[in-house]
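The values are calculated or read from the model by the stated rules, or taken from the named source; none is laboratory data. Small disclaimer: the values here were computed from a predicted structure and weren't measured. FYI the Cβ positions are ideal-geometry reconstructions off the backbone, even for glycines, and counts take in every protein chain you see. Remember, those area values only see protein heavy atoms, side chains included, never the ligands or the DNA or RNA. Shrake-Rupley method; radii C 1.70, N 1.55, O 1.52, S 1.80 Å.
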Amino acid sequence: LISMTQQGTFTVSQALKMDRHLGPHFQIPAGSMGIISFITIGLWLPFYDRFLIPALRKITKHDGGITLLQRIGIGIVFSILSMVVAGLMERVRRASAMLHPQPLGVAPMSVMWLAPQLILMGFCEAFNIIGQIEFFNRQFPEHMRSIGNSFFSCSFAGASYLSSILITIVHHATRTKSRPDWLTNDINVGRLDYYYFVIAGMGVLNLIYFVYCAKNYSYRGSLQKEDEPYVDVELSSIKA
């Protein structure tokens, strides 16, 4: 979630330093680059539900194709890949801007080079966010599902606060008397690529912790399948 929060913020900064022209008369607004992630989600989900899940169901014998925790884990992997690709792309963009000085420090390369990292982030959201929503809805008792859904919103709020804290730490830790910090206003002078790699490293640690927790997690009703309706054992015994 931290990587999702940071991606949209700094992608705009990258787009402002790249050639945003499509043809001689149209220029892509920097703030609209995030639509690539939404287009990815809109195209991927129908394919996933209609074609991939039935194919995976035949292999795994699982009604959902893969489990909810596997889906969330795949989303975390995509977020790591997105940050790595973003860091590599920023390194290329910065080198191009420094090698071929342009007005306002704009690199002579198309803004569409940012599409791969935004597509990967779209896959991350399609797996991770939707997986979390399904997890909260299915694994919480019926009378606590509203609380489960609130956890999802709280996680975004927490990610935003943690992002602000992380940016503040990077500002103070990377600034010296002879050079500006990594996230200075002029990203051609800063090192935004290093920051992306730090986020990717945090994502790797998060993935390791998630895999550890997922291995020790038992789905609600350990004797029933994940997609089967939940049955209150105490209530059933009373009825019996």
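Candidates in region 180-203 are the residues that are among the acidic types (D, E) and over 21 Å from the mean Cα position of the chain (by Cα); of these, the one that is least open to solvent (accessible area, probe 1.4 Å) is D181. In this structure, I74 does not satisfy being of a type outside the set (G, A, S), more than 22 Å from Q139 (Cβ to Cβ) and at pLDDT 90 or above. For region 157-215, the set of residues classified as among the small types (G, A, S) and within 27 Å of F135 (Cβ to Cβ) consists of A157, G158, A159, S160, S163, S164, A200, G201, G203, A214, listed by residue number. Within region 175-184, the set of residues being of a type outside the set (F, W, Y) and under 23 Å from L1 (Cβ atoms) comprises L183 only.
Inspect all residues belonging to region 204-213 and state whether any of them is hydroxyl-bearing (S, T, Y), open to solvent by 80 Å² or more (accessible area, probe 1.4 Å) and under 30 Å from F140 (Cα atoms). Checked region 204-213: at least one residue is hydroxyl-bearing (S, T, Y), open to solvent by 80 Å² or more (accessible area, probe 1.4 Å) and under 30 Å from F140 (Cα atoms).
Is it true that I28 is over 25 Å from S96 (Cα atoms), out of contact with any strand residue (DSSP E or B) (no Cβ under 7 Å at 6 or more places or on another chain) and not polar (S, T, N, Q)? So I28 fails the test. Of the residues making up region 102-120, those that are modelled with pLDDT of 90 or more and either among the aromatic types (F, W, Y) or surrounded by fewer than 18 Cβ atoms within 10 Å (Cβ to Cβ) (or both) are M112, W113, A115, P116.
For region 163-177, the count of residues that are surrounded by 14 or more Cβ atoms within 10 Å (Cβ to Cβ), within 16 Å of the chain's Cα centre (by Cα) and assigned to a helix (DSSP H, G or I) is nonzero.
For region 158-181, indicate whether the set of residues that are under 30 Å from Q70 (Cβ atoms) and among the basic types (K, R) is non-empty. Among the residues of region 158-181, not one is under 30 Å from Q70 (Cβ atoms) and among the basic types (K, R), which makes the answer no. For L99, the conditions (1) aliphatic (A, V, I, L, M); (2) surrounded by fewer than 17 Cβ atoms within 10 Å (Cβ to Cβ); (3) modelled with pLDDT of 85 or more are fulfilled apart from (3).
Yes/no matrix, rows are residues, columns are (1) of a type in the set (A, V, I, L, M); (2) open to solvent by 40 Å² or more (accessible area, probe 1.4 Å); (3) modelled with pLDDT of 90 or more; (4) in a helix (DSSP H, G or I):
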| residue | (1), (2), (3), (4) |
| --- | --- |
| I36 | yes, no, yes, yes |
| I39 | yes, yes, yes, yes |
| L43 | yes, yes, yes, yes |
| M83 | yes, no, yes, yes |
| G122 | no, no, yes, yes |
| F127 | no, no, yes, yes |
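Contact map, region 25-52: first residue more than 9 Å from G122 (Cα to Cα), second residue assigned to a helix (DSSP H, G or I) and among the hydroxyl-bearing types (S, T, Y), Cβ cut-off under 6 Å, separation 6 or more or different chains; pairs are M33/T11. Quick check, is Q14 open to solvent by less than 30 Å² (accessible area, probe 1.4 Å), in contact with a Lys or Arg (Cβ under 8 Å, 6 or more places away or on another chain) and within 25 Å of A95 (Cβ to Cβ)? So Q14 fits the description; yes.
Taking the condition surrounded by 13 or more Cβ atoms within 10 Å (Cβ to Cβ) and assigned to a helix (DSSP H, G or I), does I59 pass? Answer is no for this residue.
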